[in-house]
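Values in this text are rule-based calculations from the coordinates and carry no lab data. This is a predicted model, so every value here is computed, not measured. Methodologically, a virtual Cβ is constructed for each residue, glycine included, from the backbone with ideal geometry; neighbour enumeration extends over all protein chains shown.
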Amino acid sequence: MHIPFVSFEPMHKEIENEILSKFKEVYEKNWFIQGQEVEKFEEEFAEFCEAKYCIGCGNGLDALYLILRGYDIKEGDEVIVSSNTYIATALAVSYTGAKPVFVEPDINIYNINPRLIEKAITTKTKAIMAVHLYGQPANMDEINSIAKKYNLKVIEDSAQAHGALYKGKKVGGLGDASGFSFYPGKNLGALGDAGAVVTNDKELADKIRAIANYGSDKKYHHIYKGTNSRLDEVQAAFLRIKLRNLNKWNKERRKIAYKYIDGINNTKIIKPVEVDYARHVWHLFVVRTKNRDEFQKYLNDNGIGTTIHYPIPMHMQGAYEDLKISKGTLPIAEKIADEVMSLPVWYGMKDEEINYVIEKINNY
Ligand SMILES: *Cc1c(COP(=O)(O)O)cnc(C)c1O
């Protein structure tokens, strides 16, 4: 049997006719930037996130960057980031000129450990990036209460967690602002690059809308040294179709994840946990094991595609040499990078495929 790490085919087959006719509609309208599709998607996605405002933008990295810019975070400032995340979270901070300060995650949950945040706060700290990694919300109450105590902004990186719940509430409106990515492989993916900011902060929303559009608040007037990061009509139109299916697709991911959790009983493999405050959307199903590379080769030899999220922690990347954080300084992030591996979890996986993965893992 061959099971790819990810396949868009079953998902895209189901919406093919809708996508193609929508494309024709947008194509014939000849209106490609800042039109009705974007406007409607922004309304619908804000509603989905139980938040007031949504501003479409070019990608997830831009969404995070725009939020930081919107809050005037700049050179000389510090922003707290989990040491276990995709590098985009830290790069968004670096783009503003501010410094990312890494705080270790909880080894069982993989998200930032709120108990370690306070020690990392200095007089320069302006914000905390709360990443909902792999699809499970970070511990927002604890993060928000520390932020309140030190007057910091809380920025959610929701790029892997569209539709996830924290204590029954959707991610996106849990902090001051939230950045989403619609990279094709995310739970809600465009057919190309796309992203959005979601927030309940009206002032921030207005400012970001301007910054993302050349700093312009009205035609010919540029009040910020802005950038160009806009969601386009074609992608917004596709995203609207996909958003209507997202709950169904997330449900299917949960079903697969729980089949894995119930079925995998190999003691060499550490399974992920869903914490009691969370409704996990399983963007990734991440297991851990000591001899990860050997385990990955074994699954690959058996036709099972896997990926590592992520093999090199940010502080060990060439891009962050300047921070001079030596190996061993962030042991939990390093351990995670050495041991994690993501199993296939995608809409349309058949029971026999899920059972095959479980069987091969249990025979390892
Ligand atoms: C994908 C991702 C991003 C960046 O999104 P892009 O659309 O690829 O720029 C940011 N943070 C996390 C956690 C991600 O997984």
Go through (1) within 14 Å of the ligand (Cβ to nearest atom); (2) assigned to a loop (DSSP other than H, G, I, E, B) and name the single condition ALA196 misses. (2)
Looking at the stretch 180-191 only, could you name the residues that are outside any strand (DSSP E or B) and either crowded, with 20+ Cβ neighbours inside 10 Å or within 10 Å of the ligand (Cβ to nearest atom) (or both)? PHE182, TYR183, PRO184, GLY185, LYS186, ASN187, LEU188, GLY189, ALA190
Which one of the conditions (1) touching a Gly at 6+ places or on another chain (Cβ under 6 Å); (2) within 16 Å of the ligand (Cβ to nearest atom); (3) of a type in the set (Lys, Arg) does LYS207 fail to meet, given that it meets all the rest? (2)
Is it true that some residue in the stretch 31-46 is within 16 Å of the ligand (Cβ to nearest atom), aromatic (Phe, Trp, Tyr) and closer than 30 Å to TYR166 by Cβ? yes
Is the stretch 214-222 home to any residue that is touching a strand residue (DSSP E or B) at 6+ places or on another chain (Cβ under 7 Å) and within 22 Å of ALA90 (Cβ to Cβ)? no
Of all residues in the stretch 1-18, count the ones that are farther than 24 Å from VAL198 by Cβ, touching a helix residue (DSSP H, G or I) at 6+ places or on another chain (Cβ under 8 Å), in contact (Cβ under 8 Å) with a residue 40 or more places away in the chain and not in a strand (DSSP E or B). 2
In this structure, is ASN250 crowded, with 17+ Cβ neighbours inside 10 Å and within 30 Å of ASN59 (Cβ to Cβ)? yes
